[in-house]
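Participant: Below is a structure I'd like to ask you about.
Read-outs throughout are calculated quantities, based only on the coordinates presented, and are distinct from any laboratory measurement. Predicted model, so just to flag it, every value in this text is computed and none were measured. In this analysis, Cβ positions are derived from the backbone assuming ideal geometry, glycine residues included, and neighbour counts consider all displayed protein chains.
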Amino acid sequence: MDPFADIRPFNDAEVPDALQRLLADPEFIAAITRLRFNWAPRLVTRLLQPLVRMGLRRELAPVDGVESLQHVVEVYMSRMIEDTTSGVTVSGLENLPADQAHLFMSNHRDITLDPAFTNYALYHQGRETVRIAIGDNLLTKPYVSDLMRLNKSFIVQRSARGPRQVLKAYQGLSAYIRQSIQTDQVPIWMAQREGRAKDGIDRTEPAIIKMLAMSQDKQQESFGEYIGSLRIVPVSISYELDPCDGMKAAELHAIASRGGYEKAEYEDVASIAAGIAGQKGQVHVAFGQPLGAELDSADAVAAAMDKQIVGNYQLHSTNLYAWRWLHGDSAALPAAAENVTGSFSEAEFRQRIEAMPGAQQEFALGIYANVVASKLQLAESAGAGE
């Protein structure tokens with residue numbers, strides 16, 4: 001019996017059948033066609049779908065398991081980077097032992113790109129790619145579920161209802177993460193919070209840490225020792241442009257003005273597509289230092305996570321444009337602002353924001369500016385602690 005069969009990624013033996021399901025799924029083929037030919041009219045993309053299916057079948061023919069599929073994914077990832085970014089840079093990974101599995105816990109700005117860029121950094125340094133934690137709320141279509149589990153994703157059962165069901169789901173998730181790190185020696189990626197930081201404020205939810213700690217053997221190890229054994233590494237991912245900034249601003253405005261927001265059907269799938277296809281400018285992935293055994297509570301772990309994620313976050317020019325737009329040219333800036341670069345001018349950024357409905361523009365600016373505020377707060381707290 002496989003205790004994790006319902007949540008784990010597909011194994012090598014399951015890959016061929018899953019690929020055949022994808023190739024036979026008209027919705028999947030239509031989605032891939034729209035991504036590849038997003039410039040073409042809908043009628044043209046319909047006509048292209050048989051050709052796209054043939055091309056995919058040819059590309060996937062050599063795939064015989066999880067690892068060989070990762071090579072195919074890298075080709076698509078490199079193509080996306082070439083088309084939609086101004087370049088990807090990485091820092092800190094060289095400080096982590098390559099022969100150890102780590103639990104990479106990152107800020108969360110994009111549904112699929114955050115783990116994808118983490119994987120891109122690992123892959124190009126010859127390291128094992130991660131198993132990715134993904135909420136079951138995203139698996140709204142069969143092809144999405146197959147696609148995610150093929151790409152080493154495991155399922156966080158957010159739809160669990162009732163205290164017993166929730167407890168069982170989280171205990172299973174915690175046990176699977178522990179097995180991956182300590183037994184399988186396969187790294188994990190998970191977000192520091194449930195759901196994206198749509199307002200640009202990156203904060204770790206202590207509840208995530210408490211879930212991880214459910215597998216602690218309290219008879220054999222302290223809380224800190226267990227946290228240390230997971231080798232949790234904070235990761236900061238920064239995008240010069242957020243492809244979903246307009247969608248996020250609309251949601252934030254709705255919550256502020258109406259007190260709530262109801263997602264449209266398949267909105268998360270649309271966000272995934274927009275994130276992949278949209279322009280991102282410069283992207284930076286910063287790997288921090290593993291958290292140590294001295295952290296004796298979930299709150300202490302969350303605070304240590306936040307310190308590294310905010311501290312290592314690489315600012316872009318768009319962050320400073322938005323900060324000055326909201327607070328004026330004389331507003332204080334963090335020391336990290338001295339070496340900021342960008343590939344988009346202030347005029348281009350202003351044009352992007354002003355294309356949004358007027359009432360939503362301040363929320364869009366906050367997505368970019370709030371990380372500047374977070375860095376200033378971090379500097380103030382460090383100064384107060386001296």
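Participant: For percent of Cα pairs over 34 Å apart, one of (i) 41; (ii) 37; (iii) 30 was computed from the structure I shared and the rest are decoys. Which label?
Facilitator: From the options (i) 41; (ii) 37; (iii) 30, the structure gives (iii).
Participant: Follow-up question, since we're still on this one. Which whole-Hz ³J(HN,Hα) couplings does the range 281-297 yield from phi under the Karplus relation 6.51 cos²θ - 1.76 cosθ + 1.60, θ = phi - 60°, glycine and proline marked x?
Facilitator: Computed from phi, the couplings for the range 281-297 are x, 6, 10, 10, 10, 10, 8, x, 9, x, 6, x, 6, 6, 7, 10, 7 Hz.
Participant: Also, I was wondering about something else. Could I have the simple spin-label model distance between Lys168 and Thr89, label points 7 Å from Cα toward Cβ, reported in nm to one decimal?
Facilitator: Output for this residue pair reads 5.0 nm.
Participant: Could you list the residues of the range 1-34 with an amide nitrogen less than 17 Å from a label point located 7 Å from the Cα of Tyr266 in the Cα-to-C-beta direction?
Facilitator: Only 22-34 pass the distance filter.
Participant: What are the principal axis extents of the Cα atoms in the range 257-332, in Å, biggest first?
Facilitator: Largest to smallest, the principal-axis extents are 43, 40, 30 Å.
Participant: To make sure I understand, if each residue's beta carbon is the centre and we count other beta carbons within 10 Å, what order do Phe117, Phe344 fall in, fewest to most?
Facilitator: The fewest-first ordering by Cβ neighbours comes to Phe344, Phe117.
Participant: Once you've got the GNM for the chain with C-alpha springs shorter than 10 Å, pick whichever of Leu93, Leu47, Leu138 has the biggest mean-square fluctuation.
Facilitator: So, out of Leu93, Leu47, Leu138, the one fluctuating most is Leu47.
Participant: Would you calculate a helix-derived [θ] at 222 nm for the chain, using -39,500 (n - 2.57) for each DSSP H run of n ≥ 4 and dividing by the full residue count, to the nearest 500?
Facilitator: The helix contribution divided over the chain gives -16000 deg cm²/dmol.
Participant: For the chain, what is the number of Lys pairs with C-alpha distance below 19 angstrom, counting only pairs 8 or more positions apart or on separate chains?
Facilitator: Lysine pairs meeting both conditions in the chain amount to 13.
Participant: Just need the relative contact order of the range 102-227 here, percent rounded to a whole number, with Cα pairs under 8 Å and 6+ apart.
Facilitator: Values: 142 pairs, mean separation 44.6, N = 126.
With pairs under 8 Å counted, the relative contact order is 35 percent.
Participant: As a test of understanding, state the convex hull volume per residue of the range 127-250 from its alpha carbons, in Å³.
Facilitator: On the way: hull volume 18.4 nm³, N = 124.
In the range 127-250, the Cα hull volume divided by residue count equals 148 Å³.
Participant: Relative contact order of the chain, please, whole-number percent, based on alpha carbon pairs below 8 angstrom and at least 6 residues apart. Walk me through the numbers on the way to the answer.
Facilitator: On the way: 566 pairs, mean separation 77.7, N = 386.
Relative contact order of the chain: 20 percent.
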